[in-house]
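What follows is a single structure, written as structure tokens, with notes after it.
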Amino acid sequence: MALKIACLHTAESNASVLDQALDTLGPGNDGTDVVALVHHVYPQLLDEALKAGGLTPEIAAKAQLALNRAADGVDGLLLTCSTLGPALDQMLQLSTPHLRVDRALARACNSRHGPFIVLATIETTLDPTRRLFGPSAEVALVPDAWPFFETGDQLSYLKAIAETADQKIAQGYEFVALAQVSMAPACNYSRHPTQILNSPGVGLRQIISMAQAVENIGL
């Protein structure tokens, strides 16, 4: 049976990153006949958080309205913005299977062995990422990368991330996790792509599994 998964983004480019990740899941999209992604993009929410220096209660409330709308009539909801993550965590009454894509990444990291570091490119992601991964996790900002993203220089943005990731691996980290969906294609520019974890693929696998579980219970 077809599954419909809603994705809420704060960057238009993240929609294509998720579409590409879905394509890589292989025939049947991890066990379903068809998975359709429905994209909802709210760049103003991230813009407001950047201006405020983080997620405020007012911005969280706006995000929750958007998330509720996106969850209507779908089998699963995936939030791809790390900055807004805590807003979804607070939605205890949301019955639709839902997931922060960075939470899926955190689970994947915790299932592996060896020292790792989580990289982010935007200040507002640092605090929610530290809280999500826990006090023992090391989280660092990729220097000077975000201005490239803001000006649309995607290649420079991704190469800056890949360079920092390669440096961390050379310093002895077993693997590097990329906290934001926008960072995922940087794996293509790294000298150590197998040692870099990104969130789109693991996030889709987990939300599809969650949606399938509910569907099977309903049967």
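Here are some notes:
- Qualifying residue in segment 105-115 (condition: within 24 Å of Leu3 (Cα to Cα), small (Gly, Ala, Ser) and not assigned by TED's automatic domain parsing to the domain that holds Phe149): no
- Test result for Ser209, of a type outside the set (A, V, I, L, M, F, W, C), in contact with a Leu (Cβ under 6 Å, 6 or more places away or on another chain) and in contact (Cβ under 8 Å) with a residue 40 or more places away in the chain: no
- Boolean, Asp127 is charged (D, E, K, R) and touching a Lys or Arg at 6+ places or on another chain (Cβ under 7 Å): no
- Residue check, Gly114 small (Gly, Ala, Ser) and touching a residue at least 40 places away in the same chain (Cβ under 8 Å): yes
- Selection status of Asp89, free of Cβ contacts under 8 Å to residues at least 40 places away in the same chain and either charged (D, E, K, R) or under 20 Å from Thr164 (Cβ atoms) (or both): yes
- Phe175, sole failed condition from (1) surrounded by fewer than 22 Cβ atoms within 10 Å (Cβ to Cβ); (2) under 30 Å from Ser95 (Cβ atoms); (3) touching a strand residue (DSSP E or B) at 6+ places or on another chain (Cβ under 7 Å): (2)
- The requirement of being among the acidic types (Asp, Glu) and within 23 Å of Val176 (Cβ to Cβ) is fulfilled nowhere in segment 60-75; no residue meets it.
- Filter pass, Ile59 being surrounded by 19 or more Cβ atoms within 10 Å (Cβ to Cβ), touching a Gly at 6+ places or on another chain (Cβ under 9 Å) and of a type in the set (A, V, I, L, M): no
- Test: residue in segment 52-73 that is without any contact (Cβ under 8 Å) to a residue 12 or more places away in the chain and among the basic types (Lys, Arg): no
The values are calculated or read from the model by the stated rules, or taken from the named source; none is laboratory data. Every value quoted in this text rests on a predicted model; they were computed, and no experiment measured them. Note: ideal-geometry Cβ built from the backbone for every residue, glycine included; neighbour counts use all protein chains shown.
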